[in-house]
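S.K.: Here it is, the structure, as structure tokens.
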Amino acid sequence: MSINLVLLLITAFVVAILLAGLQYFSVKNTKQKKNWVVLLGLRTLTYFAVFLLLINPQFNQKSYTIEKPNLAVVVDNSSSISAFKKTETAENIFQQIRSNKNLKEKFSLQSFQFDANFKQYNSLSFRGSQTNLHALFKNLNALYGKENAPAIIISDGNPTYGSDFIFEAKKYKSTIFPIVLGDTTSYQDLQIKRINANKFAFLDNKFPVEVFINYNGEKSVNSNFRIKLGQTTVFQQKLNLGPNKRAEVIQTHLPAKSVGLKTYTAEIETLPNEKNTENNQQPFVIEVVDESTQILLLSAFPHPDVGAIKKSILQNKQRQVDLKTPTDAIDYSNYQLVILYQPGADFKEVYKKIEAFNLPTFTITGPKTDYSFLNKIQDDFQKEISTQTENYLPIYNNSFSSFQFDNIGFDDFPPLSDNFGEVTFKKAHQDLLYQKVNSIETQNAFLSVVEDNNVRRAYLFGENIWQWRAKNFRDNDSFETFDGFTGKLFQFLASNTKRSRLQLAYENFYNSGEPILLQADYFDKNYVFDPRATLQIELKNKNTSQETNVPFILQNKTYLVDLSNLQPGEYNFTVSIKNKPISKKGSFSIVDFDVEKQFFSANTQGFRKIADSLYYPNSVDNLIKHLINDKKYQAVQKEEIKKASLIDWYYLLAIIIACLSTEWFIRKYNGLI
């Protein structure tokens, strides 16, 4: 207790006496003065108790605790331990460490397990479908990053999920003690490390496939690599690997000949003495879609632009184009996109048909465009009317985000011609290209897109686009770059679909053992998420014809269904809503591929990068002795200082009530009230 506090308490007591004395000795009642000692004492005590409540005197209360260092014991619960036939070994080591009396006396043992996730130890099944070492060390850093807490990791060290664990492990300030499970002997092994392929391919096109192959061994080997579609080999190549060439990247393009999900298998012929053959093959799935698009190209007069656009469209075999005049008899229901070249008054009926069929359009203007008509017939933009022509150069817009496209050399393209005048858009739009007039760069629209009520429209303000295609050929000896750009634009315009009240999110294929979650969002007629619906998925296995019905669960404003227990195979499904005529169909494949079986030995190299020394099942006793004898792990005595009140407030309150009650009783008894 500080001197200031003592002085304050003494002052409070003196003031209490003075106040009580002033009150009792200032009155003339003789009866009251006869009992002045008792009454003065009670009143003084009351005042002093009130002052104590106001001052609330406190003092420091010290306590001491002995805190042991933490020791994290973590065991790998993934199926790779089972594949190495080390489940019993892992469990015995885990229990041996947890039950050691000397370790318990020195450390506070904390037990964990991990596979795809890191969690407190519960029970070991060794069925985890993934090994996420990055998550393991990230969680250890979060729990013990600021402590001197060693960690024992019982694992084969082979990660199959998450980021690289080396960097995260090196951030751990304390020592890591790996106990290595699995075969540490080096064997000859060919492995398909990774396959890169797009999820989608277009019918009658070729899609790229990239395969990474690794080799472990001291002798040169020859083998064959092939890619199969069912039982048909669609690609093969010889492999020559050895100590000086331990990896090879195979790149090829495969044809997409029919629509649907296609399951391919990449495989390597097994070496004569190869121990692990599970990693010699790996499936991958491609969904082949029909991108066929019928395009209508309308022009009232011949122009080189019309021919250039038609040829550019036909470079993609999935697109067809019909060249018509605006006065021709046309069935607009056959088309997914209409290109309007320099429209005039004779396009009036065309615009009525486009609106009736809700078709996307690509409008190209120029000096022959009737802007008086165009300003009235559409409400996307207005342009100042002028008879003067101007040449406009393109400026590439890096910020355009509606779809991905590259700068194909727009800065070097020749100018396009159009009537002079500023274009003012009345609806939300994005500009792919801006205008450059002479040497002045502007933010005026040159090539723009508008998305309005689920319909997409594009506008190019300038003729002579054929010169862009010709310039691209002169620079690259090919029209491919320019045609690729226009192809992306046409695909963006023609691929628009009406928003559905039921929307699904899922992958086309999954590996067996990994989480399979299908997400659904259901909206009411105002397109507001509806949490009251009852959703169900009906699944049918194409191979076995087995049918399964599973309800969705509402979670965080979305509907989810967990299909992780499904067997490998191809599935068709229908998602429906109870008492609603709304449903959606789809399909996906579950590939029989266990990533945990792709390793032939323990990852000792990875462990050596994060630990000073490695331990094995036969050296666990040495590790325990090391931890017990290591003096840098010592219990710490901690002092805890707490602020404590000299007297709790409810005691003071009781004293005040007791004093006032006694004083009142005495005064009442003596007739002083």
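The values are calculated or read from the model by the stated rules, or taken from the named source; none is laboratory data. These numbers come from a predicted model, not from an experiment. Using ideal geometry, Cβ is built from the backbone for each residue, glycine included, and neighbour counts are taken over all protein chains shown. Please note that ligands, DNA and RNA were not included when accessible areas were found on the heavy atoms of the full protein model with its side chains. Shrake-Rupley method; radii C 1.70, N 1.55, O 1.52, S 1.80 Å.
S.K.: Rounded, prolate or oblate: which fits the stretch 451-493, taking a ≥ b ≥ c as square roots of the Cα gyration tensor eigenvalues, rounded meaning a/c under 1.5, else prolate when a/b beats b/c?
M.R.: The shape class here is oblate.
S.K.: A further question follows. Let me check the size of the stretch 14-145 from its C-alpha atoms; what are the radius of gyration and Dmax in Å?
M.R.: Reported Rg and Dmax, both Å: 34.5, 103.
S.K.: Two decimals is fine: what is log10 I(q)/I(0) at q = 0.07, 0.08, 0.09 Å⁻¹ for the chain, from a Debye sum with one equal scatterer on every Cα and no solvent?
M.R.: The computed values of log10 I(q)/I(0) come out as -0.77, -0.88, -0.98.
S.K.: Need the list of aspartates and glutamates near residue 257 for cross-linking: C-alpha distance under 12 angstrom, and skip anything on the same chain fewer than eight residues off.
M.R.: The qualifying aspartates and glutamates are 204, 287, 290.
S.K.: Could you pull out the pairs from 119/219; 488/557; 324/383 whose alpha carbons sit more than 31 Å apart here?
M.R.: 119/219; 488/557
S.K.: Take the alpha carbon atoms of the stretch 292-368, find their center, do the same for the stretch 179-208, and report the distance between the two centers in whole angstrom.
M.R.: Answer, in whole Å: 46.
S.K.: Can you give the helix-only mean residue ellipticity at 222 nm for the chain, where every DSSP H stretch with n ≥ 4 adds -39500 (n - 2.57) and the sum goes over all residues, rounded to the nearest 500 deg cm²/dmol?
M.R.: -8000 deg cm²/dmol
S.K.: While we're on this one: Choose one of 490, 280, 550: the residue whose Cα lies farthest towards the positive end of the charge dipole of the chain (beta-carbon charges +1 Lys, Arg; -1 Asp, Glu; about the Cα centre).
M.R.: Looking along the dipole axis, the top candidate is 550.
S.K.: Oh, and also: When the convex hull of the Cα atoms of the stretch 199-283 is projected onto a plane and the area is averaged over all directions, what value comes out in nm²?
M.R.: Its average projected convex-hull area is 5.9 nm².
S.K.: Of the listed peptides 215-221, 84-90, 44-50, what is their order by residue-averaged count of other C-beta atoms within 10 Å, with the highest listed first?
M.R.: Numbers: 215-221: 14.3, 84-90: 18.3, 44-50: 20.6.
Per-residue mean Cβ counts within 10 Å order the peptides as 44-50, 84-90, 215-221.
S.K.: Quick one: compute the contact order of the chain, relative version, from alpha carbon pairs under 8 angstrom and 6+ residues apart, as a percent.
M.R.: It rounds to 16 percent for the chain.
S.K.: What percent do you get for the relative contact order of the stretch 205-363 when only Cα pairs under 8 Å and 6+ apart count?
M.R.: Result for the stretch 205-363 is 18 percent.
S.K.: Moving on to the next point. What is the antiparallel percent of DSSP beta bridges lying wholly in the chain, to the nearest 5? Intermediate values should be presented prior to the final figure.
M.R.: Numbers: 109 of 153 bridges.
Counting DSSP beta bridges with both partners in the chain, the antiparallel share is about 70 percent.
S.K.: Mind running the shape call on the stretch 418-492? Use the C-alpha gyration tensor, a ≥ b ≥ c as the square roots of the eigenvalues: rounded below 1.5 for a/c, prolate if a/b tops b/c, oblate otherwise.
M.R.: In terms of gyration-tensor shape, oblate.
S.K.: Could you tell me which residue out of 22, 239, 145 lies farthest along the dipole of the chain toward its positive end? Charges go on the beta carbon: Lys and Arg +1, Asp and Glu -1, centred on the Cα centre.
M.R.: Value computed over the given set: 22.
S.K.: Projecting each Cα onto the charge dipole of the chain (Lys/Arg +1, Asp/Glu -1 at the beta carbon, about the Cα centre), which of 8, 191, 410 comes out farthest on the positive side?
M.R.: 8
S.K.: With a 10 Å radius around each residue's Cβ, average the other Cβ atoms per peptide and rank 575-582, 338-345, highest first.
M.R.: The most tightly packed comes first, giving 338-345, 575-582.
S.K.: While we're looking at this one, here's another question. For the stretch 105-174, calculate the relative contact order in percent as a whole number, restricting contacts to Cα pairs under 8 Å that are 6 or more residues apart.
M.R.: 33
S.K.: Which of rounded, prolate, oblate describes the stretch 339-380, given a ≥ b ≥ c as roots of the alpha-carbon gyration tensor eigenvalues and a/c under 1.5 marking rounded, otherwise prolate only if a/b is larger than b/c?
M.R.: Taking the square roots of the gyration eigenvalues as a ≥ b ≥ c, the stretch 339-380 is prolate.
S.K.: Please report, as a whole percent, how much of the solvent-accessible surface of the stretch 413-517 comes from carbon and sulfur atoms (probe radius 1.4 Å).
M.R.: On the stretch 413-517, the fraction of accessible area on carbon and sulfur atoms equals 47 percent.
S.K.: Shifting gears a bit: Of the trypsin sites (Lys or Arg not before Pro) in the stretch 116-190, which ones lie in a loop per DSSP and count no more than 10 other C-beta atoms within 10 Å?
M.R.: 146
S.K.: Here is a further query. Ignoring ligands, DNA and RNA, what accessible area per residue does the chain give at 1.4 Å, in Å²?
M.R.: Spelled out: the 1.4 Å probe surface of the chain, per residue, equals 54 Å².
S.K.: Can you give me the long-range amide H partners of residue 180? Hydrogens built in the peptide plane at 1.01 Å from N, cutoff under 5 Å, separation of 5 or more residues or another chain.
M.R.: Hits under the 5 Å cutoff: 615, 616.
S.K.: Run the dipole for the chain about the Cα centre, Lys and Arg Cβ at +1, Asp and Glu Cβ at -1, nothing else charged, and hand back the magnitude in debye, nearest 20. Walk me through the numbers before you get to the answer.
M.R.: Working: 76 positive and 68 negative charges, 743 e Å.
The calculated dipole for the chain is roughly 3580 debye.
S.K.: When the dipole is taken about the Cα centre of the stretch 137-253, and only Lys, Arg (+1) and Asp, Glu (-1) are charged at their Cβ, what size is it in debye, to the nearest 20?
M.R.: Using Cβ point charges on Lys, Arg, Asp and Glu, the stretch 137-253 gives about 240 debye.
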